[in-house]
Amino acid sequence: MSDLNDRERVVARQRDLEQSFGLPAGGHGLASGETVSMTPDELKARKRRNMWLGLAIAGFILLVFAITLAKMGAAILDRPL
């Protein structure tokens with residue numbers, strides 16, 4: 001029973017904070033309730049940024065893997081299973 005009361009207190013506190021900061025219920029979107037739609041150029045730019053970010057992360061992972069193999073030595077691949 002106390003868990004339910006705790007949950008109700010948390011929800012009430014969150015609602016109070018959202019109202020005090022002028023946020024919509026649930027904390028999503030803009031305070032006025034409007035949504036933002038991106039232009040096709042903005043969507044294309046975001047997709048391009050995400051692609052480069054993904055490639056940079058993949059490159060970093062490959063770099064860490066290569067350095068790890070180099071530090072372990074080439075003999076690590078010739079060990080008996």
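What follows draws every value from the coordinates through simple rules; no lab data is involved. Since this is a predicted model, take the numbers as computed values, not measurements. Don't worry about glycine lacking a Cβ; one is built from the backbone with ideal geometry, like all the others, and counts go over all protein chains shown.
Extending 7 Å from the Cα toward the beta-carbon at both Glu42 and Asp16 defines two label points whose distance is 3.6 nm.
Set the Cα radius of gyration of region 38-81 against 2.2 N^0.38 Å, with N its number of residues, and you get 1.98.
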